[in-house]
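The values are calculated or read from the model by the stated rules, or taken from the named source; none is laboratory data. For clarity, every value in this text was computed on a predicted model and none was experimentally measured. As a convention, Cβ positions derive from the backbone with ideal geometry for all residues, glycine included, and neighbour counts pool all protein chains shown. Note: accessible area is taken over every heavy atom of the protein model, side chains too, but ligands, DNA and RNA are not part of it. Shrake-Rupley method; radii C 1.70, N 1.55, O 1.52, S 1.80 Å.
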Amino acid sequence: MARYELLNNVAHSHLRVSARFSADYGDAVGMVEAFPTEFAEMQREYPIFLRKDPDGSWHAVALLGFGPSENLYLRDGAWHANYLPAVIARGPFLIGFQEQMVDGQLRNEPVIHVDLDHPRLRDGHGHPVFAPHGGNSPYLEKVIRVLHGIHVGVEGARRMYPELDRLGLIQPVTLDVRVDEGHQFNLTGLYGIDRERLAALDAEQLHALHREGWLEGVYLILASLNNVSRLIAEKQRRLREEAEGKAA
(Lines give C-alpha, C1' and ligand atoms only; values in the text may rest on other atoms or scores of the structure.)
Protein backbone atom coordinates (compact mmCIF):
# COMPACT_ATOMS: atom_id res chain seq x y z
CA MET A 1 0.00 0.00 0.00
CA ALA A 2 1.34 3.43 -0.93
CA ARG A 3 2.54 5.76 1.83
CA TYR A 4 2.99 9.24 0.39
CA GLU A 5 4.84 12.12 2.00
CA LEU A 6 5.74 15.57 0.76
CA LEU A 7 9.35 15.28 -0.34
CA ASN A 8 11.91 17.32 1.59
CA ASN A 9 15.69 17.18 1.92
CA VAL A 10 15.71 16.72 5.70
CA ALA A 11 13.35 13.84 6.35
CA HIS A 12 14.31 12.13 3.09
CA SER A 13 18.02 12.95 2.86
CA HIS A 14 18.91 9.24 2.97
CA LEU A 15 16.67 8.05 0.15
CA ARG A 16 18.15 6.13 -2.75
CA VAL A 17 16.18 4.78 -5.71
CA SER A 18 17.20 1.47 -7.23
CA ALA A 19 18.62 1.72 -10.73
CA ARG A 20 17.65 -1.87 -11.61
CA PHE A 21 14.47 -3.13 -13.24
CA SER A 22 12.61 -6.31 -12.38
CA ALA A 23 9.24 -7.85 -11.66
CA ASP A 24 9.92 -7.16 -7.97
CA TYR A 25 9.70 -3.44 -8.74
CA GLY A 26 6.45 -3.79 -10.68
CA ASP A 27 8.11 -3.65 -14.11
CA ALA A 28 6.61 -6.91 -15.40
CA VAL A 29 3.60 -5.32 -17.09
CA GLY A 30 2.24 -5.69 -20.61
CA MET A 31 1.52 -2.01 -21.12
CA VAL A 32 2.07 1.35 -19.46
CA GLU A 33 0.31 4.68 -19.74
CA ALA A 34 1.76 7.07 -22.31
CA PHE A 35 1.39 10.84 -22.65
CA PRO A 36 1.38 13.12 -25.71
CA THR A 37 4.44 14.92 -24.38
CA GLU A 38 6.53 11.75 -24.85
CA PHE A 39 5.09 10.44 -28.12
CA ALA A 40 8.03 11.76 -30.16
CA GLU A 41 10.52 9.74 -28.12
CA MET A 42 8.23 6.80 -27.47
CA GLN A 43 7.24 6.12 -31.08
CA ARG A 44 10.84 5.14 -31.88
CA GLU A 45 10.65 2.24 -29.41
CA TYR A 46 7.08 1.23 -28.54
CA PRO A 47 3.72 0.68 -30.25
CA ILE A 48 1.25 3.30 -28.98
CA PHE A 49 -2.48 2.59 -28.72
CA LEU A 50 -5.48 4.20 -27.05
CA ARG A 51 -7.77 2.60 -24.49
CA LYS A 52 -11.22 3.63 -23.33
CA ASP A 53 -11.92 3.92 -19.62
CA PRO A 54 -15.24 2.77 -18.09
CA ASP A 55 -16.30 6.41 -17.74
CA GLY A 56 -15.84 6.93 -21.50
CA SER A 57 -12.59 8.90 -21.28
CA TRP A 58 -9.47 7.97 -23.22
CA HIS A 59 -5.84 7.36 -22.36
CA ALA A 60 -2.84 6.22 -24.41
CA VAL A 61 -0.70 3.19 -23.65
CA ALA A 62 2.62 1.84 -24.83
CA LEU A 63 2.48 -1.90 -25.53
CA LEU A 64 5.34 -3.80 -23.89
CA GLY A 65 4.32 -7.41 -24.48
CA PHE A 66 1.54 -9.79 -25.46
CA GLY A 67 0.29 -10.65 -21.97
CA PRO A 68 -0.70 -8.71 -18.83
CA SER A 69 2.64 -9.36 -17.13
CA GLU A 70 4.93 -9.72 -20.16
CA ASN A 71 7.44 -6.92 -20.63
CA LEU A 72 9.64 -7.77 -23.61
CA TYR A 73 11.86 -4.75 -22.91
CA LEU A 74 12.80 -6.18 -19.50
CA ARG A 75 15.79 -8.52 -19.35
CA ASP A 76 18.61 -9.29 -16.90
CA GLY A 77 17.79 -6.42 -14.55
CA ALA A 78 17.79 -3.81 -17.31
CA TRP A 79 15.27 -2.04 -19.53
CA HIS A 80 16.34 -2.56 -23.14
CA ALA A 81 15.20 0.59 -24.90
CA ASN A 82 16.74 3.99 -25.51
CA TYR A 83 13.73 5.74 -23.99
CA LEU A 84 12.16 4.88 -20.64
CA PRO A 85 8.40 5.57 -20.39
CA ALA A 86 7.64 8.46 -18.05
CA VAL A 87 5.50 6.38 -15.67
CA ILE A 88 8.51 4.11 -15.12
CA ALA A 89 11.12 6.88 -15.09
CA ARG A 90 9.31 8.78 -12.34
CA GLY A 91 10.01 5.94 -9.90
CA PRO A 92 8.40 6.43 -6.48
CA PHE A 93 7.53 10.09 -7.11
CA LEU A 94 4.39 11.87 -8.22
CA ILE A 95 3.01 15.37 -8.39
CA GLY A 96 0.57 16.55 -5.76
CA PHE A 97 -0.87 19.97 -5.11
CA GLN A 98 -0.53 22.22 -2.10
CA GLU A 99 -2.10 25.57 -1.31
CA GLN A 100 0.61 28.25 -1.39
CA MET A 101 0.60 32.04 -1.38
CA VAL A 102 1.91 33.23 -4.77
CA ASP A 103 1.99 36.95 -5.60
CA GLY A 104 -0.50 37.63 -2.84
CA GLN A 105 -2.94 34.98 -4.04
CA LEU A 106 -3.67 31.52 -2.61
CA ARG A 107 -3.07 28.95 -5.33
CA ASN A 108 -2.81 25.18 -5.67
CA GLU A 109 0.82 24.75 -6.65
CA PRO A 110 2.40 21.45 -7.81
CA VAL A 111 4.70 19.77 -5.30
CA ILE A 112 6.54 16.44 -5.29
CA HIS A 113 5.43 13.54 -3.14
CA VAL A 114 7.30 10.29 -2.56
CA ASP A 115 5.84 6.86 -1.87
CA LEU A 116 7.96 5.59 1.01
CA ASP A 117 6.63 2.05 0.54
CA HIS A 118 7.64 1.91 -3.12
CA PRO A 119 9.74 -1.22 -3.83
CA ARG A 120 12.52 0.81 -5.50
CA LEU A 121 13.34 2.35 -2.10
CA ARG A 122 13.63 -0.91 -0.17
CA ASP A 123 17.28 -1.90 -0.56
CA GLY A 124 18.82 1.53 0.12
CA HIS A 125 21.01 1.41 -2.98
CA GLY A 126 20.91 3.25 -6.29
CA HIS A 127 20.42 6.89 -7.25
CA PRO A 128 20.62 9.34 -4.33
CA VAL A 129 17.63 11.70 -4.25
CA PHE A 130 19.51 14.57 -2.64
CA ALA A 131 23.10 15.78 -2.84
CA PRO A 132 25.27 15.44 0.30
CA HIS A 133 24.64 19.06 1.32
CA GLY A 134 20.89 18.96 0.73
CA GLY A 135 20.42 20.14 -2.85
CA ASN A 136 18.65 18.15 -5.53
CA SER A 137 20.71 15.34 -7.03
CA PRO A 138 21.01 15.07 -10.84
CA TYR A 139 18.64 12.10 -10.60
CA LEU A 140 15.97 14.15 -8.82
CA GLU A 141 16.34 16.97 -11.35
CA LYS A 142 15.65 14.43 -14.09
CA VAL A 143 12.62 13.13 -12.20
CA ILE A 144 11.31 16.68 -11.86
CA ARG A 145 11.49 17.07 -15.65
CA VAL A 146 9.70 13.76 -16.09
CA LEU A 147 6.95 14.75 -13.65
CA HIS A 148 6.52 18.07 -15.42
CA GLY A 149 6.14 16.23 -18.72
CA ILE A 150 3.50 13.95 -17.20
CA HIS A 151 1.62 16.92 -15.74
CA VAL A 152 1.58 18.76 -19.06
CA GLY A 153 0.81 15.53 -20.90
CA VAL A 154 -2.22 14.76 -18.74
CA GLU A 155 -3.67 18.19 -19.44
CA GLY A 156 -2.96 17.87 -23.16
CA ALA A 157 -4.50 14.40 -23.35
CA ARG A 158 -7.64 15.61 -21.58
CA ARG A 159 -8.28 17.98 -24.51
CA MET A 160 -6.73 16.02 -27.37
CA TYR A 161 -8.38 12.61 -27.23
CA PRO A 162 -12.02 13.79 -27.04
CA GLU A 163 -11.40 15.91 -30.14
CA LEU A 164 -9.91 12.97 -32.02
CA ASP A 165 -12.94 10.94 -30.99
CA ARG A 166 -15.32 13.69 -32.11
CA LEU A 167 -13.67 13.70 -35.53
CA GLY A 168 -14.09 9.94 -35.83
CA LEU A 169 -10.34 9.31 -35.86
CA ILE A 170 -10.32 6.68 -33.11
CA GLN A 171 -11.21 3.13 -34.13
CA PRO A 172 -11.04 -0.24 -32.33
CA VAL A 173 -8.07 -2.44 -33.16
CA THR A 174 -7.89 -6.20 -32.71
CA LEU A 175 -4.26 -7.24 -32.63
CA ASP A 176 -3.87 -10.82 -33.88
CA VAL A 177 -0.22 -11.77 -33.54
CA ARG A 178 1.15 -15.10 -34.76
CA VAL A 179 4.63 -15.48 -33.39
CA ASP A 180 5.06 -19.04 -34.60
CA GLU A 181 2.95 -22.15 -35.14
CA GLY A 182 2.52 -22.73 -31.42
CA HIS A 183 2.10 -19.19 -30.19
CA GLN A 184 -0.65 -16.82 -31.25
CA PHE A 185 -1.97 -13.86 -29.30
CA ASN A 186 -5.19 -11.90 -29.59
CA LEU A 187 -5.21 -8.49 -27.89
CA THR A 188 -8.52 -6.67 -27.57
CA GLY A 189 -9.59 -3.38 -26.00
CA LEU A 190 -7.07 -1.39 -28.01
CA TYR A 191 -7.83 1.54 -30.30
CA GLY A 192 -5.84 3.23 -33.03
CA ILE A 193 -6.08 6.02 -35.57
CA ASP A 194 -8.35 5.50 -38.58
CA ARG A 195 -6.11 6.28 -41.57
CA GLU A 196 -9.02 6.59 -44.00
CA ARG A 197 -10.90 9.01 -41.76
CA LEU A 198 -7.71 11.02 -41.25
CA ALA A 199 -7.23 11.27 -45.03
CA ALA A 200 -10.85 12.43 -45.40
CA LEU A 201 -10.54 15.40 -43.03
CA ASP A 202 -10.98 18.76 -44.72
CA ALA A 203 -8.44 21.59 -44.63
CA GLU A 204 -10.16 23.39 -41.77
CA GLN A 205 -10.23 20.28 -39.58
CA LEU A 206 -6.58 19.49 -40.31
CA HIS A 207 -5.54 23.05 -39.61
CA ALA A 208 -7.40 23.00 -36.28
CA LEU A 209 -5.55 19.82 -35.25
CA HIS A 210 -2.24 21.33 -36.38
CA ARG A 211 -2.92 24.59 -34.55
CA GLU A 212 -3.48 22.77 -31.28
CA GLY A 213 -0.37 20.65 -31.80
CA TRP A 214 -2.34 17.41 -32.00
CA LEU A 215 -1.81 16.50 -35.65
CA GLU A 216 1.80 15.58 -34.95
CA GLY A 217 0.64 13.27 -32.14
CA VAL A 218 -1.77 11.54 -34.52
CA TYR A 219 1.03 10.78 -36.98
CA LEU A 220 3.36 9.69 -34.18
CA ILE A 221 0.79 7.15 -32.99
CA LEU A 222 0.49 5.81 -36.54
CA ALA A 223 4.27 5.64 -36.98
CA SER A 224 4.69 3.80 -33.67
CA LEU A 225 2.81 0.75 -34.93
CA ASN A 226 5.93 -0.36 -36.80
CA ASN A 227 7.28 -1.38 -33.40
CA VAL A 228 4.85 -4.29 -33.17
CA SER A 229 7.27 -6.18 -35.42
CA ARG A 230 10.03 -5.41 -32.89
CA LEU A 231 7.97 -7.03 -30.13
CA ILE A 232 7.30 -10.07 -32.30
CA ALA A 233 11.01 -10.48 -33.05
CA GLU A 234 11.91 -10.25 -29.35
CA LYS A 235 9.18 -12.76 -28.44
CA GLN A 236 10.49 -15.15 -31.10
CA ARG A 237 14.02 -14.76 -29.76
CA ARG A 238 12.93 -15.59 -26.21
CA LEU A 239 10.92 -18.60 -27.33
CA ARG A 240 13.99 -19.92 -29.18
CA GLU A 241 16.11 -19.42 -26.07
CA GLU A 242 13.51 -21.25 -23.98
CA ALA A 243 13.37 -24.15 -26.43
CA GLU A 244 17.17 -24.40 -26.57
CA GLY A 245 17.32 -24.37 -22.77
CA LYS A 246 14.88 -27.27 -22.55
CA ALA A 247 16.79 -29.22 -25.18
CA ALA A 248 20.14 -28.77 -23.45
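Here is a list of conditions, (1) more than 19 Å from Val228 (Cα to Cα); (2) of a type outside the set (A, V, I, L, M, F, W, C); (3) open to solvent by less than 20 Å² (accessible area, probe 1.4 Å); (4) touching a helix residue (DSSP H, G or I) at 6+ places or on another chain (Cβ under 6 Å), and Gly96 meets all of them except one; can you say which number that is?
(4)
Just to be sure, is Arg16 touching a residue at least 40 places away in the same chain (Cβ under 8 Å), within 18 Å of Val146 (Cα to Cα) and touching a strand residue (DSSP E or B) at 6+ places or on another chain (Cβ under 8 Å)?
Here the answer is yes, as Arg16 does meet what is asked.
Please work out if His133 is open to solvent by 90 Å² or more (accessible area, probe 1.4 Å) and farther than 25 Å from Met31 by Cβ.
Values: open to solvent by 90 Å² or more (accessible area, probe 1.4 Å): yes; farther than 25 Å from Met31 by Cβ: yes.
Against the criterion (open to solvent by 90 Å² or more (accessible area, probe 1.4 Å) and farther than 25 Å from Met31 by Cβ), His133 qualifies.
Which number in (1) under 23 Å from Glu241 (Cβ atoms); (2) open to solvent by less than 50 Å² (accessible area, probe 1.4 Å); (3) without any contact (Cβ under 8 Å) to a residue 40 or more places away in the chain marks the one condition that Tyr46 misses?
With respect to (1) under 23 Å from Glu241 (Cβ atoms); (2) open to solvent by less than 50 Å² (accessible area, probe 1.4 Å); (3) without any contact (Cβ under 8 Å) to a residue 40 or more places away in the chain, Tyr46 is out only on (3).
Within the range 160-176, count every residue that is surrounded by 12 or more Cβ atoms within 10 Å (Cβ to Cβ) and assigned to a helix (DSSP H, G or I).
Residues flagged as surrounded by 12 or more Cβ atoms within 10 Å (Cβ to Cβ) and assigned to a helix (DSSP H, G or I) within the range 160-176 amount to 6.
Considering only the range 23-32, how many residues are surrounded by 13 or more Cβ atoms within 10 Å (Cβ to Cβ) and modelled with pLDDT under 95?
2
Which of the residues belonging to the range 1-22 are of a type in the set (A, V, I, L, M) and surrounded by 12 or more Cβ atoms within 10 Å (Cβ to Cβ)?
Result: Leu6, Leu7, Ala11, Leu15, Val17, Ala19.
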